[in-house]
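Novice: To start, I am sharing the structure in question, which I have written as structure tokens.
The values are calculated or read from the model by the stated rules, or taken from the named source; none is laboratory data. If you're wondering where the values come from, they're calculated on a predicted model, not measured in any experiment. Positions of Cβ are generated from backbone atoms using ideal geometry, with glycine treated the same way; all protein chains shown enter the neighbour counts. With ligands, DNA and RNA removed, areas are computed over all heavy atoms of the protein, side chains included. Shrake-Rupley method; radii C 1.70, N 1.55, O 1.52, S 1.80 Å.
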Amino acid sequence: MRNAELKIEDVAFGGKGVARDEGKAVFVPFTIEHERISARIVREKKQFAEGELVELLEPSPERAVPECPYFGRCGGCSYQHISYAHQLEIKARQVEQAMRRIGRLANPPMRPMVPSPLPYSYRNRITVHAQDGIVGFYRRDVHQLLDIERCPIAMSEVSDALAQLRARPVRDGHYTLRAHSGPRVFVQTNDGVAEALANFAAEILTGEEKLLIDAFCGAGFFSKRLAPQFERVVGIDWDRFAIAAAQKDAGPKEAYVSGDITTELRWLLQQSDLATTALIVDPPATGLSAEMRRAILDSPPRTMIYVSCNPPTLARDVAELQQHFAVISITPFDMFPQTAEIEVVVHLKSQ
Ligand SMILES: C[S@@+](CC[C@H](N)C(=O)[O-])C[C@H]1O[C@@H](n2cnc3c(N)ncnc32)[C@H](O)[C@@H]1O
């Protein structure tokens, strides 16, 4: 292992600072662009190397004091050492870069990043793990549990639930602690940003479409809020419990189908009047499968809103969707402050 003096040039998607050493990229966590640092090189590969911060020689004015005592050891957060305003700048830049490099957009139509009303205390659920009497999160880079008494990015109700869990003997396993009661299905993690996300979707869908297809609908987060703007909304998800929850309080315009998007979406689009159809997709981090992209390109709806929690897979899919769609806007939402995660909404129009 050797030490190197480095100048950080950028912060890569995933949260690590990037420097160049003898032409090779070196990734160093917990650093900020323009900082001069001394690093220990801990892994050396042919194409790149990885380092650990040893000393800050010239710190960035954007440095902030982390609120969490576990920051740096816990695998959850990557950005608590950066001021919140600058986290937003870094994430917006990362989305734009992904859209240029992978999404094949020469001038990505970026809209300003939507910040979280709360930079801490925003998570409405966390999943902790218990093993041999330790209750907490996995450590950074090691599959080993770190004992966690509190998580400053979680809402106070979640922290209370953690304290209650820890107060009794805990069996080995995984425990999801939630601020809100309700069915055990996917819910957006940050209530304030989720509200902004739904309002933004409502703004984009200006009333020219009659049918809304909400693919990956979960318990109907988007379709329930947007139903008043449409004649009909159809949600699809393969989680039977989420579909049952969506059906429970469904109004007369809403229909929910339990099934795989790959098959259901192709069929639904083929049945629809595409000129008056809007499609929302909100897939998991893997993005759309090749078959889903094909189904959309074979029957392109007038308007499409792509909600993503993973910019690289989003950019890959947008590159292909441009065969039939124009990219109208790209809007990052900071659903997960202090972490390297980014939520992005892309508005596409069939052409
Ligand atoms: C990111 S969540 C979005 C949920 C919802 N839009 C919301 O805002 O609450 C992704 C959802 O996709 C569903 N899902 C993932 N892959 C699927 C597939 N191939 N077919 C159907 N549903 C799928 C999951 O069950 C999950 O509810």
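Novice: At 7 Å along Cα-to-Cβ for each site, give me the label-to-label distance between ASP172 and GLU291 in nm.
Specialist: With each label placed 7 Å out from Cα toward Cβ, I get 3.7 nm.
Novice: FRET efficiency for GLN351 and GLN271, Cβ-Cβ distance as r, R0 = 30 Å, nearest 0.05?
Specialist: Approximately 0.85, to the nearest 0.05.
Novice: Below 12 angstrom from the Cβ of VAL11, what's the summed charge of the other residues (Lys, Arg +1; Asp, Glu -1)?
Specialist: Here the count lands on -3.
Novice: Let me ask you something else. What whole-number distance in Å separates the alpha-carbon centres of the stretch 202-240 and the stretch 45-124?
Specialist: A separation of 32 Å, based on Cα centres.
Novice: Leaving out ligands and nucleic acids, note down the accessible area per residue over the stretch 48-162 with a 1.4 angstrom probe, in whole Å².
Specialist: 50
Novice: Cross-link list LYS46/LYS91; LYS16/LYS46; LYS210/LYS349; LYS91/LYS248: which exceed 26 angstrom alpha carbon to alpha carbon?
Specialist: LYS46/LYS91; LYS91/LYS248
Novice: Now a separate question. In the stretch 213-334, what percent of the accessible surface is made up of carbon and sulfur (1.4 Å probe, ligands and nucleic acids excluded)?
Specialist: The computed percentage sits at 54.
Novice: Run the simple label-point estimate for ARG139 and GLN47 please: 7 Å along Cα→C-beta, distance reported in nm.
Specialist: Placing both labels 7 Å beyond Cα along the Cβ direction yields 2.9 nm.
Novice: Let me ask something additional. Can you give me the % of accessible surface on the stretch 125-178 that is carbon or sulfur? Probe 1.4 Å, all protein chains present, nothing else counted.
Specialist: Answer for the stretch 125-178 is 45 percent, counting heavy atoms of protein chains only.
Novice: Now a separate question. Just grab the label-to-label distance for ARG36 and ASN199, each label 7 Å out from Cα along the Cβ direction, in nm (one decimal).
Specialist: Label at ARG36, label at ASN199, 4.5 nm between them.
Novice: Relative to the Cα centre, what is the charge dipole magnitude of the stretch 2-63, using +1 at the beta carbon of each Lys and Arg, -1 at the beta carbon of each Asp and Glu, and rounding to the nearest 20 debye?
Specialist: Values: 11 positive and 13 negative charges, 61 e Å.
Computed charge dipole of the stretch 2-63: roughly 300 debye.
Novice: In the stretch 2-63, what percent of the accessible surface is made up of carbon and sulfur (1.4 Å probe, ligands and nucleic acids excluded)?
Specialist: Here it works out to 48 percent.
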